[in-house]
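Bear in mind these aren't lab numbers, they're just calculated from the coordinates by the rules spelled out. Owing to the predicted nature of the structure, the values given are computational and were not obtained by experimental measurement. Here the Cβ positions follow ideal geometry from the backbone for every residue, glycine too, while neighbour counts run over all protein chains shown.
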Amino acid sequence: MNLDDLKNVSIKELKGVGDKNAALFARLGIENINDLLNYYPRTYKKLPPLSKVSEMKEGETCAVKLKISDDFYYKKTASNAITSVSGYDSTGKVYMTFFRVSYLRNILKEGSEWVFLGTVKRKGRNYAFEMPEIHKISDYLSSQKTLLPVYPLTKGINSKTISKYVNSSIEQFSPFDENLANEIIKEMDFETIGKTISDIHFPIDESYCIKARNRLAFTEFYNFFIELNQIKKAYNRLKSDYVFIETAEYERFKTVIPFELTKGQNDALNDILKDLTGGFVMNRLIQGDVGCGKTIIAFLSCVLCASNGFQSAFMAPTEVLAAQHFTKFTQMNERYKLGLSIAFLSGSTGKAQKNEIIENLKCGEIDLLVGTHALIEDNIEFEDLALVITDEQHRFGVIQRNTLNEKGNKPHVLSLSATPIPRTLASVYYTDLQVSVIKDKPSNRIPIKTGLRKASERLDGLRFLYSKVKEGRQGIIVCPMIEENEDTNLSNVTDYSKFIKDLMPKDLRIGVLHGRMKNAEKNRVMQYFANGDIDILVSTTVIEVGIDVPNATVILIENAERFGLATLHQLRGRVGRGSEESFCILINGSESEEENERLNVMLKSDDGFYIADEDLRLRGPGDLTGIRQSGDVRFKIADIYRDRDLFFKAKQYADEL
């Protein structure tokens, strides 16, 4: 079966997946069989050999085969349900406690034998388990022969359940049609796609896992380059119907801007001018570090477009960020008497106002439309769209960007990105674009002070954050997880926000933000924070792009060792956007010296391009069995740093095709 066809097969087609399980899978972004097969483990674990009770040691993770005693006890209260039972072998007894598990009475019957896996504790003179895993003996012995997948989870579903349904999907829908040419599979020494999917979820050992993820990473790169090459063909030296001239109004605006453009800004602006006045369709990326001043370059381009009698569109990835851009553009328009007609459109724009905007767009009364992906809705029509700008362009899919471009007759396209990529990779990665790089920052930017702390020093960091909030500033705390995960001890937004509320004074306003919230709710929280109605925002990396709050001066990042340096740099860029001195506190939850060395790069430099290069150098081939770190949303498993050899190889094959 073709894997793409499985996008149309609901997860409910699997035996045992009813509405309840389907809702849990949906929270993980899994709605069909294709989603499930492509929901890769974040890491793997090896089951330990079976021990005797007499061989167990306190604090260690042990697996032991036990026969159930006759002391099963279950008690339910208003807030909890407690189950206790003991099991024994020929060398001793183990007491076990379970919480909120009501079905065990039907499983742990007296005299039945099971394997229990958990961390050993003491209960008086005896050993004890708290919430151990329960395995059938035959299943455990079989599972010992492979690595077990550990998936990103949500409350109510565990890795065992996910792997069960992945296995069912493989059995029910295989064999799978190949998605690469036979010549590529042979030359790259890849396994079949069926074996690859099986090995990424259930590898016998690390070598099987590495080989599987290499094929999947290659395929992601390969499909990416095929898409880019198609776009490049379409844009390759297309004649433009919109040939601009440098107007007097544009030149006047350049002279009245109350700050001097940096060399990088001027160079980028000159590149844009050559494109817009050269007679061919522009397709250019402005790649610049956080705070380098890309937005003013974009607005200057919109002013030039309007003064030539044409329309422009500016699309941002979130409603809050789009609204902030709209406010800035409107303020500059009024302050410098530019005479532009600027409108704002998002999913929350009222029906009457939206209809008015649609009519004004059609008849050319709006010069610049700022908004979110609402700009690409079918009923949005421009009279003369000559310039399309996408902010944080990698946050939009190829189809989304193309849909906006198609609103006009081959408009010029300008993309903005703050994702730092080493120049050696950027020239290939953005093969469909001309790239202008802004490396310097405005002279009035105050460097962000960055500190690295151990987990045991967390309270010192929180005290410092609170001291700044008391001065009237705002703070951000970033956690890697949304809620508690049974497979990790990582900080999570749900528990951390409760911890902060208990720790801090009651009148402090705490906000919570994560990717599982509905868009309207996320936008509302970000707007409250932007307005100053939230003192401390506890968030996942969803905060990485989409908000600009000058009053936020401290960001504390928990489990910093879990993030790539490029992502940490983007998160750090959420502060330091105003005139006040700003601070970034990295909490390292690892004892590893290698992690300390890697994170120390953040203390040495605030140059995103240097940081990206150092990340590439320090990570080398990386943990090939672990989760991708790059923070780029294009790829599920591939990483342009770690997999750079596959990256260039995929480009070679795509170009040959």
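Data table
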| read-out | value |
| --- | --- |
| Net charge of neighbours whose Cβ lies under 13 Å from the Cβ of ILE257, counting Lys and Arg as +1 and Asp and Glu as -1 | +2 |
| Binned Cα-Cα distance frequencies in region 77-200 - 5 Å width, integer % | 2, 7, 13, 16, 15, 13, 9, 7, 6, 4, 4, 2, 0 |
| Positive dipole terminus of the chain, leading residue within HIS135, LEU47, GLY278 (C-beta point charges) | HIS135 |
| Within the chain: Cβ-based charge dipole about Cα centre, in debye rounded to nearest 20 (Lys, Arg +1; Asp, Glu -1) | 1760 debye |
| Loop GluC sites (Glu not before Pro), region 23-67, which have at most 14 other Cβ atoms in a 10 Å radius of their Cβ (DSSP) | GLU58, GLU60 |
| Around VAL554: net Lys/Arg minus Asp/Glu count, Cβ-Cβ under 9 Å | +2 |
| Cα lying deepest toward the dipole's positive end in region 47-146, options GLN144, VAL85, GLY118, charges on Cβ | VAL85 |
| Helix 351-362 axis, angle to the chain major axis (alpha carbon atoms, nearest 10°) | 50 degrees |
| Fraction of antiparallel bridges per DSSP, the chain only, in percent to nearest 5 | 35 percent |
| Relative packing of 470-476, 451-457, which averages over residues the other C-beta atoms within 10 Å, highest first | 470-476, 451-457 |
| Largest to smallest principal axis extent of the C-alpha atoms in region 47-146, angstrom | 41, 30, 23 |
| Karplus-derived HN-Hα couplings along region 593-607 (A = 6.51, B = -1.76, C = 1.60, θ = phi - 60°), whole Hz, x at Gly and Pro | 5, 4, 5, 4, 4, 5, 5, 5, 4, 5, 7, 7, 8, 10, 8 |
| Mean projected area in nm² (Cα convex hull; one quarter of hull surface) for the chain | 32.2 nm² |
| Distance histogram for region 472-571 (every C-alpha pair counted, 5 angstrom bins, percent rounded to whole numbers) | 2, 13, 25, 26, 22, 10, 3, 0 |
| Calculated [θ] (222 nm, deg cm²/dmol) that DSSP helices of n ≥ 4 give over the chain, each run adding -39,500 (n - 2.57) | -11500 deg cm²/dmol |
| Whole-number percent relative contact order across region 248-438, with pairs defined as alpha carbons under 8 Å at least 6 apart | 33 percent |
| Farthest toward positive dipole pole in the chain [+1 Lys/Arg, -1 Asp/Glu at C-beta], among ASN409, VAL243, MET188 | MET188 |
| Whole-angstrom Cα spans of region 248-438 along principal axes, big to small | 49, 37, 33 |
| For GLY511, net neighbour charge (Lys/Arg +1, Asp/Glu -1) across residues whose Cβ lies under 12 Å away | +1 |
| Highest average packing first - 353-363, 263-273, Cβ atoms within 10 Å | 263-273, 353-363 |
| Inverse of mean 1/r across different Cα pairs in region 137-179, Kirkwood, Å | 12.3 Å |
| Restricting region 512-583 to GluC sites (Glu not before Pro) in coil, as DSSP defines it, with at most 15 other Cβ within 10 Å | GLU581 |
| Estimated dipole of region 253-322 in Debye, rounded to 20 [Cβ of Lys and Arg +1, of Asp and Glu -1, Cα centre] | 140 debye |
